[in-house]
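The values are calculated or read from the model by the stated rules, or taken from the named source; none is laboratory data. Note that the structure is a prediction, hence the values are computed from the model and not measured. Note: ideal-geometry Cβ built from the backbone for every residue, glycine included; neighbour counts use all protein chains shown.
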Ligand code: LLP
């Protein structure tokens, strides 16, 4: 087991994160609990900025909020001077409410609604990344109504297949995202955006090839395809594009054997490829942007659970059930993701047995870790699952009406709640009972008969 970020193990064998005893965090805040290592998160953000600025001082690192977006996370991303990629009115609202400067916000999405586009235009977001022709026309109309100029990037599908789970590949031609490279319709869309839409200002191109990509070659290829397309546009219509956004997707370490490239290696490949190819093609080097989500926040997150029932299926396996599961981390059920875990209260003890960590949802597929070596497990132990910072809370649900867990930020021995634990009241806060189904006053005290049944 490799410790991440500021993790260490103290003299009692407890796992510490950000100088906080995770066993104590579990006691104080309850479980399941998302723990975010603030120093690790800030360090990744800085590593990215340093790496890209080293090669290209005007480059921009845009944190992809879909990985994890809360008000406090927005504050940290702003403080670290990263920009922010949002993908819905809800994410945009969260960012603006947290005081994130709109001009550093990039608005993504393959089917933005008129209301969302209006919000983006009137709030003055920095760039709208336009996915399709329908959106382009709609945006022109909305910007014109508001007397605004919308600065946009066009999302291009570069036709690159990445070696990652099929559900998170996005760069291949058969994709719901973007304008396909190599089609005349795409060239026509660029021309419309650049020349024929008075309220649209085309700043550049965008692509995103996939997520949890562990190999740098596809990123290099994507940069090359995009630059060759930029050269074609210049040749065909004299168009100069100032910006090139190459998306996110760099992988992280989930388990032993995962050896992702570092942000520095990623920056080097991208920046050197762009510089060399621009020289060859006689293009001015555009401003380069990247949109990492997972690789900024993923390893900074750990989820704590309490062990409950332990069940031996003779000659098959030992199931260790915890008090969370697919509702707080759907990635295992969705993508067969493999996680590493340890017992936070026995972190120094020798791992002695292979067990299966089961969630508490009513699904056989609700398994958090299929095989993990742990010290002898007992009910009440605290299980820590690593690398859960990205796409866990942001994809969490209330399946089985489980309240979503709290989230704490830990830093130099202090912990702060940044998302409160949901309550049972929260679960029914939006429910409404039509009057005809209301519990009648007569029955309210003793039973559950509806008004109709009571009549
Ligand atoms: N930019 C765009 C346009 C994206 O669609 C994404 C992710 C990113 C940036 C950030 O990618 P990252 O650096 O985080 O890989 N739920 C899946 C991942 C979906 C990624 C969607 N788009 C998972 O849990 O693996």
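See the values below:
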quantity: Qualifying strands (runs of 3 or more DSSP E) (wholly inside the range 8-73; at least 3 residues being away from the ligand (no atom under 16 Å from the Cβ)); calculated: 15-17, 33-37
quantity: Options 280, 349, 284: the member that is assigned by TED's automatic domain parsing to the domain that holds residue 268, modelled with pLDDT of 95 or more and either closer than 30 Å to residue 76 by Cβ or assigned to a loop (DSSP other than H, G, I, E, B) (or both); calculated: 284
quantity: Within the range 75-86, tally of residues that are assigned to a helix (DSSP H, G or I) and away from the ligand (no atom under 16 Å from the Cβ); calculated: 4
quantity: Residues within the range 311-339 that are over 16 Å from residue 34 (Cβ atoms), away from the ligand (no atom under 16 Å from the Cβ) and part of a loop (DSSP other than H, G, I, E, B), tallied; calculated: 3
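Yes or no, residue by residue, for (1) within 21 Å of residue 53 (Cα to Cα); (2) within 14 Å of the ligand (Cβ to nearest atom):
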| residue | (1), (2) |
| --- | --- |
| 224 | yes, no |
| 227 | yes, no |
| 230 | no, no |
| 256 | no, no |
| 261 | yes, yes |
| 276 | yes, no |
| 279 | yes, no |
